Amino acid sequence: MSEQEILDAAVRREAVLTAMSKAAKLAGRKPEGVTLIAVSKTHDADAICPLIDAGQRVFGENRVQEAQEKWAALRATIPDIALHLVGQLQSNKAEDAVALFDAIHSVDRPSLVTALAKAMDKADRRPDCFIQVNIGDEPQKGGCAIAELPALLAQSAAAALPVSGLMCVPPVDVEPAPYFALLAKIARDHGLVRLSMGMSGDFETAIMTGATHVRIGTALFGGRG
Ligand SMILES: *Cc1c(COP(=O)(O)O)cnc(C)c1O
């Protein structure tokens, strides 16, 4: 990777971190309370390495196989990388996901809770879990319905799945703040402290409404082609 690429990545990351910090301060929150997840899906090692060199350590991927292929080599050289799964997960990939990821943001149905709990018991490894909520009640979207959340949380607790927060992707092209605020309220009602919400276009709004984890791709890497 060229010196210029490293500089570009460092500048983009600095700009995102500065905007995150401003949003946190505006909301009376500590900037350290918000984690930047660099969503590197579709980007290869050449694009990722400059961000690592700039200091980024937390990355997000949306496909198990793509993540396995890309990150085995990268992790061998940089041991303190944390990988978060932000995409939908098939139950038959639960074992692979538990082996690879440090956090899973897409737990959204009873069969997946069962598969993940079994995989975690077998591997004796417990990645942090977020329950994805279909906050805009959109038929095409992943996430559990708001009404199904209490049962899913109860099942997760009974299965010793370490659920610490909620995740959402609000509807596109509408003001996201009410959806973020609703997710924050639901999390509070259930005593969950983490909120995975906010992407390149809306992370500042998400932070002002309580996000603890923002998932950012385009603003760091440019477009996905
Ligand atoms: C791709 C993706 C992101 C990042 O989106 P950008 O708009 O590129 O920042 C965040 N969350 C999920 C679930 C994604 O699939």
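The values are calculated or read from the model by the stated rules, or taken from the named source; none is laboratory data. No experiment lies behind these values; they were computed from the predicted model shown. Methodologically, a virtual Cβ is constructed for each residue, glycine included, from the backbone with ideal geometry; neighbour enumeration extends over all protein chains shown. Ligands, DNA and RNA are stripped out before the accessible areas are found, and what is left, the full protein with its side chains, is counted by its heavy atoms. Shrake-Rupley method; radii C 1.70, N 1.55, O 1.52, S 1.80 Å.
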Single residue of Lys141, Lys122 found to be at pLDDT 95 or above and either touching a Cys at 6+ places or on another chain (Cβ under 9 Å) or among the basic types (Lys, Arg) (or both) | Lys122
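Select, from Ser21, Ser91, Ser40, the only residue that is touching an Asp or Glu at 6+ places or on another chain (Cβ under 8 Å) and of a type outside the set (A, V, I, L, M). Outline the logic, then answer.
Values: Ser21 fails: touching an Asp or Glu at 6+ places or on another chain (Cβ under 8 Å); Ser91 fails: touching an Asp or Glu at 6+ places or on another chain (Cβ under 8 Å).
Result of the check over Ser21, Ser91, Ser40: Ser40.
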Only residues that are over 20 Å from Gly165 (Cα atoms) and either touching a Leu at 6+ places or on another chain (Cβ under 6 Å) or open to solvent by less than 40 Å² (accessible area, probe 1.4 Å) (or both): list them for segment 77-90, please.
-> Ile78, Ile81
Failed condition for Ser111, given (1) open to solvent by 30 Å² or more (accessible area, probe 1.4 Å); (2) not in a helix (DSSP H, G or I) = (2)
Complete set of residues in segment 173-201 that are open to solvent by 30 Å² or more (accessible area, probe 1.4 Å) and near the ligand (Cβ under 10 Å from one of its atoms) = Met199, Ser200, Gly201
Of the numbered conditions (1) closer than 24 Å to Gly198 by Cα; (2) modelled with pLDDT under 95; (3) not hydroxyl-bearing (Ser, Thr, Tyr), Ile78 fails exactly one; give the number of that condition.
-> (1)
Counting only residues that are part of a loop (DSSP other than H, G, I, E, B) and either open to solvent by less than 40 Å² (accessible area, probe 1.4 Å) or touching a residue at least 60 places away in the same chain (Cβ under 8 Å) (or both), how many does segment 22-72 have?
-> 10
Go through segment 59-75 and give me each residue that's of a type outside the set (Phe, Trp, Tyr) and either away from the ligand (no atom under 13 Å from the Cβ) or modelled with pLDDT under 95 (or both).
-> Val64, Gln65, Gln68, Glu69, Lys70, Ala72, Ala73, Leu74, Arg75
